[in-house]
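The next block holds one structure in the form of structure tokens; read it before the comments.
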Amino acid sequence: MKFTESHEWIENDTATQIATVGVTNFAQHELGEIVYVELPQIGKNVKAGEESAVLESTKAAADVYSPVSGTIIEVNQRLSSSSELINQSPEKEGWIFKIKLSQPEELKKLLDINSYQKIIKP
């Protein structure tokens, strides 16, 4: 699992170059109760750092950025009716979308768990 400074996580299957993306436990905690998820469109091409989804919580709305470039191939439809999955299991059941990587080398620019921990721990 790799992380972004904007609090997304990504887990890549190197055999298929299909990665799963979501928000970190830190992000969901900061946002509070997630009440709505605007999922990306399947088939949409995104660039690394581009807005790909929106989370609305009782505190604020937050953009979710794609950690890598590629094509959205699947979205977590369960979030349409159960947005609380992001709060309950942000790094597993609460995943947001799957992306077919177009530039796998971008993964090298992302943070490992130790580097990410340094960002979120004062």
Qualifying residue in segment 69-87 (condition: touching a Phe, Trp or Tyr at 6+ places or on another chain (Cβ under 8 Å), of a type in the set (Asp, Glu), surrounded by fewer than 18 Cβ atoms within 10 Å (Cβ to Cβ) and not in a strand (DSSP E or B)): no
Matching residues in segment 88-119 - criterion: being under 23 Å from Ser57 (Cβ atoms) and open to solvent by less than 40 Å² (accessible area, probe 1.4 Å): Ser89, Pro90, Gly94, Ile96, Phe97, Tyr116
Matching residues, segment 14-39, being open to solvent by less than 10 Å² (accessible area, probe 1.4 Å) and not aliphatic (A, V, I, L, M): Gly22, Thr24
Residue list for segment 6-48, restricted to those being farther than 18 Å from Ser81 by Cα, among the small types (Gly, Ala, Ser) and within 13 Å of the chain's Cα centre (by Cα): Ser6, Ala19, Ala27, Ala48
The lone exception for Asp112 - which of (1) within 15 Å of Glu8 (Cα to Cα); (2) in contact with a helix residue (DSSP H, G or I) (Cβ under 9 Å, 6 or more places away or on another chain) it fails: (2)
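Considering only segment 49-59, I want to know if a residue exists there that is within 16 Å of Ala19 (Cβ to Cβ), outside any strand (DSSP E or B), under 13 Å from the mean Cα position of the chain (by Cα) and not hydrophobic (A, V, I, L, M, F, W, C). Step through it out loud before you land on a result.
Here is the first cut: in segment 49-59, the residues within 16 Å of Ala19 (Cβ to Cβ) are 49-50, 52-53.
Still in the list and also outside any strand (DSSP E or B): 49-50.
Now narrow it down to the ones that are under 13 Å from the mean Cα position of the chain (by Cα): 49-50.
Within this subset, residues satisfying the condition of being not hydrophobic (A, V, I, L, M, F, W, C) are 49-50.
Yes.
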Qualifying residue in segment 44-53 (condition: of a type outside the set (A, V, I, L, M, F, W, C), surrounded by 14 or more Cβ atoms within 10 Å (Cβ to Cβ), at pLDDT 95 or above and closer than 11 Å to Ile96 by Cβ): yes
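The values are calculated or read from the model by the stated rules, or taken from the named source; none is laboratory data. Keep in mind that this is a model prediction, so the values were computed, not measured. Cβ: placed from backbone, ideal geometry, glycine included. Neighbour counts: every protein chain shown. All accessible areas refer to the heavy atoms of the entire protein, side chains included, with ligands and DNA or RNA removed. Shrake-Rupley method; radii C 1.70, N 1.55, O 1.52, S 1.80 Å.
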